[in-house]
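Student: One structure coming up, written as structure tokens, with questions to follow.
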Amino acid sequence: MKIQRQSRKIPIGISQCAMGDPVRFNGGHKHSKVCTELLGQCFDYLPLCPEVAIGMGVPRKPIHLLVEHASAPVDAVRVVGVEDPDVDVTELLREYADSVVPQLAKIRGYIFMQNSPSCGLRGVRRYLDNGHGIDSEGVGVFARRLQQQFPHLPMEEVGRLNNSELRENFLTRVFAYDAWFRYVQLEAEEEVQSEPATSQTAEPGGATPAKPASQLARIIEFYTAYKYLLLAHHQDKTRALGRLLANAKSMAVDELAFEVRGRIMDILARPASRKDRTNALMHSAGHLREFLGKDEKAELSELIEEYRLGRKPLSAVLTLLRHFLPRSPHSFIHNQVLLAAEPAELGLCDFH
Ligand code: SF4
């Protein structure tokens, strides 16, 4: 399986105020140029403002998260008016999140505005009913509901995307999540749809037989193509995923697909360390050594070591690996996503 990046823009949900729309409680916005100008090159945004959508209007009275005590679980919150705690929009926000689930089925990531009782993804200030701030353990109620509805969807906050490493990590997750639907889920569904009706044997009760073997093969191929990129993010979890797939036939294929997708997104959520990435690059180089001369091997080893020491960028190593790649006849190494153009090389990480 040779995974190619999407040629069209990838659909992404976003808090509407980040697009520059004046939908905040005070009639302002929080335009993010990183989102619109930089990431807008590869993302096609679906902007939503849950507070406007539930009819709170602009401008509107501010709201905040209310809890009974500091250790309250993340879902034990209410979203109430700062001035009038009797204004409670908790259920309205949850219902709105549920209502947009079908609309969000095609999105491959979501960018939320930080510190919002509706949209904040982490660290939102929580208050007691006497008005005192108690902690910053809250998650915006709209964002929280979408986390539950789309447990593997890559999500990030607008402010954190100003950091180039976090931005690169978000892009990596979005590209992987998008690829999963194009290469594993959708393609499998298309195959089933395009199967001639006469070739399918109806089971008792009229159910159309599934094609578990085909989808299983795709899941394994997807993991194989991502293997070295996953190793660069988390070696132990990648090996554990490999062991799960070695026993994959004991699981129902839908259950397996959900589990594997979740594990892949979990592994990629950990930013790749230079140490783990060096290890993955050495594995890649190992596949090419037999096709290299003595000086070429030395040049490649030296460059990887320079990368490990922080003296050379990743792109330099990838460029040399790609230069040698055509010499190998083995599809395993040709298909490695690790060796494809990474976000920094696409010009999506540096932004001033
Ligand atoms: S943070 Fe969310 S609810 Fe608040 S203005 Fe932005 S989009 Fe609307």
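The values are calculated or read from the model by the stated rules, or taken from the named source; none is laboratory data. None of these values were measured; they are calculated from a predicted model. Backbone-built Cβ (ideal geometry, glycine too); neighbour counts: all protein chains shown. The accessibility values were calculated without ligands, DNA or RNA, using every heavy atom of the protein model including side chains. Shrake-Rupley method; radii C 1.70, N 1.55, O 1.52, S 1.80 Å.
Student: Of the numbered conditions (1) open to solvent by 60 Å² or more (accessible area, probe 1.4 Å); (2) within 14 Å of the ligand (Cβ to nearest atom); (3) not in a loop (DSSP other than H, G, I, E, B), Gly13 fails exactly one; give the number of that condition.
Tutor: (1)
Student: I've got another one for you. Please state which of the following conditions Gly131 fails to meet, knowing it meets all the rest: (1) modelled with pLDDT under 95; (2) crowded, with 18+ Cβ neighbours inside 10 Å.
Tutor: Unmet condition: (2).
Student: For Asp44, all conditions in the list (1) open to solvent by 50 Å² or more (accessible area, probe 1.4 Å); (2) within 16 Å of the ligand (Cβ to nearest atom); (3) under 16 Å from the mean Cα position of the chain (by Cα) hold save one; what is the number of the exception?
Tutor: All conditions pass for Asp44, except number (2).
Student: I've got another one for you. Scan the stretch 143-165 and give yes if some residue there is of a type outside the set (Lys, Arg), in contact with a Gly (Cβ under 6 Å, 6 or more places away or on another chain) and within 12 Å of the ligand (Cβ to nearest atom), otherwise no.
Tutor: No, because not a single residue in the stretch 143-165 is of a type outside the set (Lys, Arg), in contact with a Gly (Cβ under 6 Å, 6 or more places away or on another chain) and within 12 Å of the ligand (Cβ to nearest atom).
Student: Would you please name the residue that is surrounded by the fewest Cβ atoms within 10 Å (Cβ to Cβ), looking only at residues in the stretch 60-82 that are closer than 25 Å to Asp21 by Cα, away from the ligand (no atom under 11 Å from the Cβ) and not aliphatic (A, V, I, L, M)?
Tutor: Looking at the filtered set, the residue picked out is Lys61.
Student: Restricting to the stretch 49-59, name every residue that is open to solvent by less than 50 Å² (accessible area, probe 1.4 Å) and part of a loop (DSSP other than H, G, I, E, B).
Tutor: Within the stretch 49-59, Cys49, Ile54, Met56, Gly57 qualify.
Student: Still on this structure, please answer the following. Considering only residues that are within 10 Å of the ligand (Cβ to nearest atom) and among the basic types (Lys, Arg), look in the stretch 16-41 and name the one that is surrounded by the fewest Cβ atoms within 10 Å (Cβ to Cβ).
Tutor: Ranking the qualifying residues of the stretch 16-41, first place goes to Lys30.
Student: Among the residues of the stretch 304-328, write down those that are over 21 Å from Pro343 (Cα atoms) and open to solvent by less than 30 Å² (accessible area, probe 1.4 Å).
Tutor: Selection gives Phe324, Ser328.
Student: Mind listing whichever residues of the stretch 79-119 are part of a loop (DSSP other than H, G, I, E, B) and under 11 Å from Ala143 (Cα atoms)?
Tutor: Met113, Gln114, Ser116, Pro117, Ser118, Cys119
Student: What's the number of the condition Asp98 fails, among (1) within 11 Å of the ligand (Cβ to nearest atom); (2) open to solvent by 30 Å² or more (accessible area, probe 1.4 Å)?
Tutor: Only one criterion is unmet by Asp98, namely (1).
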